[in-house]
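Enquirer: Okay, handing you the structure first.
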Amino acid sequence: FDQLFDDPKVPNGIKGLIGRLQIPVLKVAIADKSFFSTKTHPARRLLDAVGDMASRLPAEFGPSHPLFERLQATLQELVDGFQDDLAIFTKVRDDLGALMAEEDRRIEEATRVEQKRVEEMEKLALAKNVAQAEIKKRFGAHVLPMPIIEFLSRQWLRLLLIVHAKEGTVGDSCKGALQLMDQLIWSIAPKQTPEERAKLGTVMPKLIKNLTVGMKFIGTEDAVRDRFFAQLMNCHAQAMGAAPAASTQSNAPGTVGGANRQRARGAAAKQGLDRSLDFSKSVVVKNPYGSGDVSVESQDLDFTEAETASRARARREESIRKALDTLGMGAWVEFREPDDPSVRRPARLIFVSPHKSRYLFAVGRAGKEIIQCSRAEIGRRLRIGEAVKLDKPPEESLFDRIMGTLLGKLRGPMRLPLPTA
């Protein structure tokens, strides 16, 4: 017990409660020598349960903690009730197990909000991937002017992201947003026949109205909206075969000046396309699952690596993938600081998002600190040694740890007190 009281892993607030067990345990040790040699001894198992619970409690554990009084009453039951029947040790250990399970549920409830947030961020990241793919597909199929490229990649992307996150690709809102994007692209294509021009004149009012509704929904600034509609008007004028108001006859497609301007617009469009296709930046959108705005980053939902010439590297990558695939709830991973590998923080996996793109780890048994990693990030840490998967919980039982320390001291040189004069 002296060794236990010196153990920094046991919160000070629980040491006083554990101290009450000294007399009952002393009685057991005197009456039953198997106490030291049998790991399944009821008294030893109780001490181990107490140690397990102590390791899960926060360092500031004390009378203000909701579990303190119940733990105190449970241990006092042993102090008051033990005579010579070891069954009471088993009974109290079972009661402690129930308290531990309750504490685990409390911690799980406390982390549920974080788990929900992680799951929502995964859905948003997936929605961003889908929205980007839809826009890229249309960029590849059409030669578009730069204003349209910028509008789709910076504004309409946000709308597609939100509606996909809320309804998925089968939702009416998502289908409508895609159809409106296709209608916008059709509207700026050259209209060669009177019928096409007439159709554009009929479509334009509703197109402008629906685009306005969409931009208001995603919170597009008024100045950005007005500038886009001015640019769109020029695009429609060109599609109808009429020159914009500020232009001259030299802009006509059949002239040398018109051809030069067409090539310039094509070069500008390609430059805008190259710039706007960088979807790696985060996108700020209205949170479809709550209030306020949320920043959505691109998320690689598949943990894949390019093949390398080194077979050893390939085997290592395969082992990492297998480790991730078999990383189940409750598994322990030891995180090591890159600047100081001696700093090691064991953490238990408490949540895996549905698409296995994000992981939540609770540091230590108390679980007060949460480490969040993407699949790629935990894979990278495992690969370079900043994280190591543990085959078992990081600590041996309380009794074995204390006895190992005591035996180590006994095997050392004896230090006898010097006689005094």
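Enquirer: Only residues that are surrounded by 12 or more Cβ atoms within 10 Å (Cβ to Cβ) and of a type outside the set (Lys, Arg): list them for segment 185-200, please.
Expert: Initial filter on segment 185-200 (surrounded by 12 or more Cβ atoms within 10 Å (Cβ to Cβ)): 185-189, 191, 196-197, 199-200.
Within segment 185-200, Ile185, Trp186, Ser187, Ile188, Ala189, Glu196, Leu200 qualify.
Enquirer: I'd like to check which helices (runs of 4 or more DSSP H) are fully inside segment 1-111 and have at least 1 residues that are surrounded by 14 or more Cβ atoms within 10 Å (Cβ to Cβ) and free of Cβ contacts under 8 Å to residues at least 40 places away in the same chain.
Expert: In segment 1-111, 12-19, 22-31, 68-81 are the helices (runs of 4 or more DSSP H) which contain 1 or more residues that are surrounded by 14 or more Cβ atoms within 10 Å (Cβ to Cβ) and free of Cβ contacts under 8 Å to residues at least 40 places away in the same chain.
Enquirer: Right, here's the next one. Quick check on segment 95-107. Is at least one of its residues over 27 Å from Pro24 (Cα atoms) and out of contact with any Lys or Arg (no Cβ under 9 Å at 6 or more places or on another chain)?
Expert: Yes, some residue in segment 95-107 is over 27 Å from Pro24 (Cα atoms) and out of contact with any Lys or Arg (no Cβ under 9 Å at 6 or more places or on another chain).
Enquirer: Tell me the residue from Ala125, Ala141 that is open to solvent by 60 Å² or more (accessible area, probe 1.4 Å) and of a type in the set (Gly, Ala, Ser), please.
Expert: Ala141
Enquirer: Of the residues in segment 179-228, how many are of a type in the set (S, T, N, Q) and in a helix (DSSP H, G or I)?
Expert: Selection size over segment 179-228: 6.
The values are calculated or read from the model by the stated rules, or taken from the named source; none is laboratory data. Quick caveat: nothing in here was measured; it's all calculated off a predicted structure. As a convention, Cβ positions derive from the backbone with ideal geometry for all residues, glycine included, and neighbour counts pool all protein chains shown. Quick note on the areas: whole protein, heavy atoms, side chains included, nothing else; ligands and nucleic acids left out. Shrake-Rupley method; radii C 1.70, N 1.55, O 1.52, S 1.80 Å.
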